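One structure is given below, encoded as structure tokens.
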Amino acid sequence: MNTPLLKVEDIHKRYGNEEVLRGVSFEVNRGETKVFIGPSGTGKSTLLRCVNQLTPPDKGQVFLEGTEVTHHKSDINRLRASIGFVFQDFNLFAHLTAMQNVSIGPSKVTRMHKEQAQARALAELERVGLGDKANAYPAQLSGGQQQRVSIARALAMDPKLILFDEPTSALDPELIGEVLEVMIELAREGMTMLCVTHEMGFARSVANEIIFMEHGVIVEQGPPQQMFTNPQHQRTGEFLRKISELYGETEK
Amino acid sequence: MLLKAALLNVELLLSLLAVGFVVGTIVAVLQVYGGRVLGVLAFVFEWVFRSIPPLVLLFLVYFGPERFGLSISRFLSATIALGLCSSGYQSQIFRGAIQSISSGQMMAARALGMSRTCAIASVILPQALRLSIPGWSNEFSGVMKDTTLAYVVGYNELLRSARAIMDRHYDAAMLSFLTVAIIFLVLTYTGNRALGWLEERTRIPGLQVAGWSEEGHS
């Protein structure tokens, strides 16, 4: 009843001599949006990849609805199918149209019938405002459009949660808004989301919690209001001020 | 008579290309994704079949089984020997294409829940094979000519037929060899045109090896 949707326990990850993650734990309940912030190189993206095992952690456990994702006998493909992942550089399949990019998951992974998968794909494309681009190839779409297709691709799998790895960092400033709009809409509809992002407008408007990481550990976490107005650690305050200035977005 | 023999070359060409394609694709995939053991095996395979001269391999495949009392048809021995040679070369064309695909493609496929095999089959290879067409048409022209090597095991292909004409009418020798040359010119041209058409047909915006070209030119 009270099991969190996602439970991450004591994740460690080392690349060579560098310990990127040094024991990170957190929980996510259904419908929550959590935003990870922190200087680059503090392991935020690695942490997201540890959640769906794209990067297996050296130590620590991840549980999705009580099922251990990190267990060596877990059916990782089935678990990944229920965890959406949105990449910084989109990674749309270059040889497929927008529609095929979205329908390939349902048709190849969950074995949905072709027509059904296509109908689903079209519905998801419409949801992100790209119904008219169904037959365009990735190279024919703007960065913002590509990222929206990749969100649709994740949505078509009926994910239990979606991980966003700096979804707007590769975008021209004028294209960021369209992607954030989709994400805000999703959060409001109750999608569970973990986002690595420095878009503080987004964090303020929909995040239940901001998690500040530095040097591979969580320094502080709390609701946006508290984190912005009354951070417990000096570093948190400094960092939030800096990125708020940098991104020029204080309110939304 | 020569045209009829040319059909035998085409037949051999198609079957050896098919062997080379299937084996070459498998070897390329194993070299990139096979892990240590399979990767080394694939490397050894490729090394062996790219090193042995096709003619030597042809003799080995044709005469080898005889030592054990087995007989192998001329066509089959040529298909196997030349097909394996070609697979070594084809594997390197495919490997280069596979490695040119960004690792994000595999990652995105795995993140959706696809198995590795499924990701290779439905994401990596469809892109890599498209990118391989230009390099592959080079290999195509090469093995087209190699089909005449089947001459040595007595396969009645084009060159052997021309040779037979020479034996009967010495005066017609030059004419028949020239005809052979012209038939190869035509075959190579036709084949390359067909591959160009295939490349055009399967082209996807944003997925090609072509360099920069001005809009409207190609």
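Work out Dmax and Rg for segment B:11-155 from the C-alpha atoms and quote the Rg first, both in angstrom.
So, for segment B:11-155, Rg and Dmax equal 16.9, 54 Å respectively.
Nearest 20 debye, what's the magnitude of the dipole of chain B about its Cα centre given +1 on Lys and Arg Cβ and -1 on Asp and Glu Cβ? Please report the intermediate quantities before stating the final value.
Details: 16 positive and 12 negative charges, 93 e Å.
I would put it at about 440 debye.
To the nearest 0.05, what FRET efficiency results for B:Arg116 and A:Thr67 with a Förster distance of 25 Å applied to their C-beta separation? Write down the numbers at each step before the final one.
Numbers: r = 21 Å, r/R0 = 0.86.
So, using R0 = 25 Å, E works out to roughly 0.70.
Segment B:94-149 to segment A:188-252: how many Å between their Cα centroids?
43
Please report, in debye to the nearest 20, how large the charge dipole of segment A:1-61 is about its Cα centre when each Lys and Arg carries +1 at its beta carbon and each Asp and Glu carries -1 there. Numbers along the way, then the final one.
On the way: 9 positive and 7 negative charges, 24 e Å.
Computed charge dipole of segment A:1-61: roughly 120 debye.
How many partner chain Cβ atoms sit within 10 Å of a residue's Cβ in peptide A:92-105, on average, as a whole number? Write down the numbers at each step before the final one.
On the way: counts 4, 12, 12, 16, 6, 2, 0, 0, 0, 2, 0, 0, 6, 6.
Average per residue, whole number: 5.
Using θ = phi - 60° and the Karplus relation 6.51 cos²θ - 1.76 cosθ + 1.60, list the HN-Hα couplings for segment B:153-162 in order, rounded to whole Hz, with x at every Gly or Pro.
9, x, 6, 7, 8, 4, 5, 5, 5, 5
State, as an integer percentage, the relative contact order of segment B:11-155 based on alpha-carbon contacts under 8 Å between residues 6 or more apart.
34
What list do you get for B:Ser132, B:Ser71, B:Ser115 if you sort them by fewest beta carbons within 10 Å? List each step's numbers first, then the result.
Numbers: B:Ser132 26, B:Ser71 10, B:Ser115 14.
Exposure proxy ranking, most exposed first: B:Ser71, B:Ser115, B:Ser132.
Specify which residue in the list B:Leu16, B:Leu158, A:Ile184 is farthest towards the positive end of the charge dipole of the protein assembly as shown, using unit charges on the beta carbon of Lys, Arg (+1) and Asp, Glu (-1), about the Cα centre.
So the residue furthest toward the plus end is B:Leu158.
Over chain A, what is the relative contact order in whole percent, taking alpha-carbon pairs under 8 Å and six or more residues apart? Before the final figure, lay out each step's value.
Details: 483 pairs, mean separation 61.5, N = 252.
The value is 24 percent.
Could you calculate the FRET efficiency of B:Tyr33 with B:Asn156 from 1/(1 + (r/R0)^6), where r is the beta carbon distance between them and R0 is 56 Å, rounded to 0.05? Intermediate results must be reported in sequence, preceding the final value.
Details: r = 42 Å, r/R0 = 0.75.
Calculated transfer efficiency: 0.85.
Given R₀ = 35 Å, FRET efficiency for B:His169-B:Ser51 by Cβ-Cβ distance, to 0.05? Don't skip to the end; give the middle numbers.
Details: r = 41 Å, r/R0 = 1.16.
Using R0 = 35 Å, I get an efficiency of 0.30.
If you fit an axis through the alpha-carbon atoms of helix B:125-146 and take the longest principal axis of the Cα set of chain B, what angle between them do you get, 0 to 90°, nearest 10?
For B:125-146 against chain B, the angle is about 20 degrees.
Peptides A:142-153, A:101-112, B:170-181, B:117-128: what's the order by average Cβ count within 10 Å, highest mean first? Provide the component values of the computation, followed by the final result.
Details: A:142-153: 24.8, A:101-112: 22.2, B:170-181: 13.7, B:117-128: 19.2.
The most tightly packed comes first, giving A:142-153, A:101-112, B:117-128, B:170-181.
Using +1 at the C-beta of Lys and Arg and -1 at the C-beta of Asp and Glu, which of B:Ala121, B:Ser86, B:Leu149 has the Cα lying farthest in the positive direction of the dipole of segment B:11-155?
B:Ala121
Can you tell me the dipole magnitude for the protein assembly as shown around its Cα centre, using point charges on the Cβ only (Lys, Arg +1; Asp, Glu -1), in Debye to the nearest 20? Mind showing how you got there, number by number?
On the way: 43 positive and 44 negative charges, 321 e Å.
So the dipole magnitude of the protein assembly as shown works out to roughly 1540 debye.
Sorted by mean Cβ packing within 10 Å, highest first, what order do the peptides B:198-205, A:181-188 take?
Working: B:198-205: 13.1, A:181-188: 18.4.
Final packing ranking: A:181-188, B:198-205.
Considering only A:Ala123, A:Ile37, A:Phe164, whose Cα is most displaced toward the positive end of the charge dipole of chain A, charges sitting on Cβ of Lys, Arg (+1) and Asp, Glu (-1)?
Of the listed residues, the answer is A:Ala123.
Put a dot 7 Å past each Cα toward the Cβ at B:Leu7 and A:His215; how far apart are the dots in nm?
Distance between the two pseudo-spin positions: 8.0 nm.
For A:Glu65, which sequence-distant residues (separation of 5 or more, or a different chain) have an amide H within less than 5 Å of its own amide H, given hydrogens modelled in the peptide plane?
Correct list: A:Leu6, A:Lys7.
Using the alpha-carbon centroid of each, what span in Å lies between segment A:1-59 and segment B:165-191?
So the separation of the two Cα centres works out to 70 Å.
Along the Cα-to-Cβ line of B:Leu178, 7 Å from the Cα, sits a label point; which residues in segment B:1-32 have backbone N less than 19 Å from it?
B:1-3
Take every Cα pair under 8 Å in segment A:189-252 that's 6+ residues apart, average their separations, divide by the length, and report that relative contact order as a whole percent. Let's see the in-between values first.
Numbers: 59 pairs, mean separation 22.3, N = 64.
Once divided by the residue count of segment A:189-252, the mean separation gives 35 percent.
If I fit a long axis through the Cα atoms of helix A:143-155 and take the longest principal axis of the Cα atoms of chain A, what angle between them do I get, 0 to 90°, rounded to 10?
Helix A:143-155 sits roughly 80 degrees off the main axis of chain A.
Where does chain A land at 222 nm, in deg cm²/dmol rounded to the nearest 500, when only DSSP H runs of n ≥ 4 count, each adding -39500 (n - 2.57), divided by all residues? List each step's numbers first, then the result.
Details: 9 runs with 91 residues, N = 252.
That calculation yields -10500 deg cm²/dmol at 222 nm.
For segment A:90-112 and segment A:65-83, what is the centre-to-centre distance using only Cα atoms, to the nearest Å?
Cα centroid to Cα centroid, the span is 21 Å.
Every number here is computed from the coordinates shown, using simple stated rules; none is lab data. For clarity, every value in this text was computed on a predicted model and none was experimentally measured. Neighbour counts are summed over all protein chains in view; Cβ atoms, including those assigned to glycine, are modelled from backbone coordinates with ideal geometry.
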